[in-house]
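Taking it in order: structure first as structure tokens, then the write-up.
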Amino acid sequence: MKQLEHGAPLAAWADLAQAPAANPLQAAGSFVKKSLIIADMEVRKLRHDPTELLTRAVQPALWLLIFGQVFATIRAIPTGSMSYIDFMAPGILAQSVLFISIFYGISVIWERDLGILHKFLASPTPRTALVLGKALSAGARGLAQAVMIYILALLLGVKMDWNPLAIVGVIFTVILGAALFSTFSLIIACLVKTRERFMGIGQVLTMPLFFASNAIYPISIMPGWLQAVSQVNPLTYEVDALRAMMLAGGASATGGLGLDFVVLAAWSAILIYLGSRLYPTIVR
């Protein structure tokens with residue numbers, strides 16, 4: 001099949017160029033279809049260059065193999081009856097998803113510089129579908145990292161929950177977390193508009209988000225002011241959901257899985273809405 005920019009088939013661009021349907025049900029179906037087309041275009045880039053996933057897997061592997069093993073040996077962080085490696089594995093998965101997603105917005109700047117973004121904006125595709133599609137593609141990258149973390153955790157003897165429902169829940173959480181932080185990244189890209197500024201801000205934000213969460217230590221040992229920050233940090237709820245579903249005998253410590261999913265979904269919806277409003281401004 002003939003292909004255009006980024007390996008996108010001509011048929012995909014034709015689908016994006018279709019006018020919105022008048023029927024509400026058809027309009028909803030068209031919205032979902034166009035979102036999935038955008039996601040597919042983004043995932044095609046990954047298929048053409050899978051080395052990014054391998055390089056991104058190095059950092060979480062080091063955290064588990066070095067940091068995790070050392071702290072598990074010296075028992076420096078209290079985790080109750082749970083071993084520190086078990087406690088840490090879901091947090092490192094969330095960290096891996098965060099690190100991949102937080103720099104995702106730079107691709108939007110590249111698309112603008114290459115003129116591809118102008119084609120997207122000239123199509124009748126809703127801006128929300130464009131942003132949602134990119135968010136879903138970040139979820140696909142996050143799932144690739146989840147497979148690698150699961151393999152590492154298995155080799156390290158982490159007591160995993162292999163219940164199919166729990167695994168489905170982990171997949172959903174990873175996709176939701178990746179969508180949230182990739183959209184946050186897109187918003188930053190729309191505001192700063194240059195690669196240099198974006199990389200600087202992305203690096204500044206990553207570590208505070210990570211360390212102000214429960215990824216590598218319980219909230220209970222944080223100072224009071226940091227506990228307050230962690231309560232509004234979406235990464236805290238992603239880690240909590242992963243810890244409850246990934247581990248055998250895992251349980252939520254923030255108020256239940258329902259609260260975790262509500263917080264993540266609410267943050268995602270707000271950011272996707274803001275992203276859809278800011279998305280066209282990156283070309284100005």
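No value in this document is a laboratory result; all are computed from the given coordinates. Computed from a predicted structure; not experimentally measured. Every residue, glycine among them, receives a Cβ derived from its backbone with ideal geometry; neighbour counts consider all protein chains shown.
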Projecting each Cα onto the charge dipole of the chain (Lys/Arg +1, Asp/Glu -1 at the beta carbon, about the Cα centre), which of 114, 172, 128 comes out farthest on the positive side? 114
Once amide H atoms are built 1.01 Å from N in the peptide plane, which residues 5 or more positions from residue 160, or in another chain, come under 5 Å H to H? 248
Difference of contour (0.36 nm per residue) and Cα-Cα distance, residue 220 to residue 67: 53.0 nm
Taking the Cβ of each residue in 73, 183 as the centre, tally the other Cβ atoms inside 10 Å and list the residues starting with the fewest. 73, 183
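For Cα pairs less than 8 Å apart in space and 6+ apart in sequence, what is the mean separation divided by the residue count of the chain, i.e. the relative contact order in percent?
Details: 380 pairs, mean separation 69.0, N = 284.
So the answer I get is 24 percent.
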When the charge dipole of the chain is computed with +1 on Lys and Arg Cβ and -1 on Asp and Glu Cβ about the Cα centre, the Cα farthest towards its positive end, among 62, 198, 282, belongs to 282
Determine, for 207, 222, the number of other Cβ atoms within 10 Å of each Cβ, and report the residues in order from fewest to most. 207, 222
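Using the Cα atoms as the points, what is the convex hull volume per residue of region 106-251 in Å³?
Working: hull volume 20.1 nm³, N = 146.
It is 138 Å³ per residue.
Quick check on the exposure proxy: order 131, 158, 232 from fewest to most C-beta atoms within 10 angstrom. Before the final figure, lay out each step's value.
Numbers: 131 28, 158 22, 232 11.
Ascending number of Cβ neighbours within 10 Å: 232, 158, 131.
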Given +1 on the Cβ of Lys and Arg, -1 on the Cβ of Asp and Glu, and no further charges, what dipole in debye does the chain carry about its Cα centre, rounded to the nearest 20? 580
Quick one: length gained pulling residue 270 to residue 32 fully straight, 0.36 nm per residue minus the C-alpha distance? 83.9 nm
For all pairs of alpha-carbon atoms in the chain, what percent lies in each bin of width 10 Å, listed from the first bin to the last filled one? 6, 28, 33, 21, 9, 2, 0
With a point put 7 Å past each Cα toward its Cβ, work out how far residue 207 is from residue 147 in nm, to one decimal. 3.3
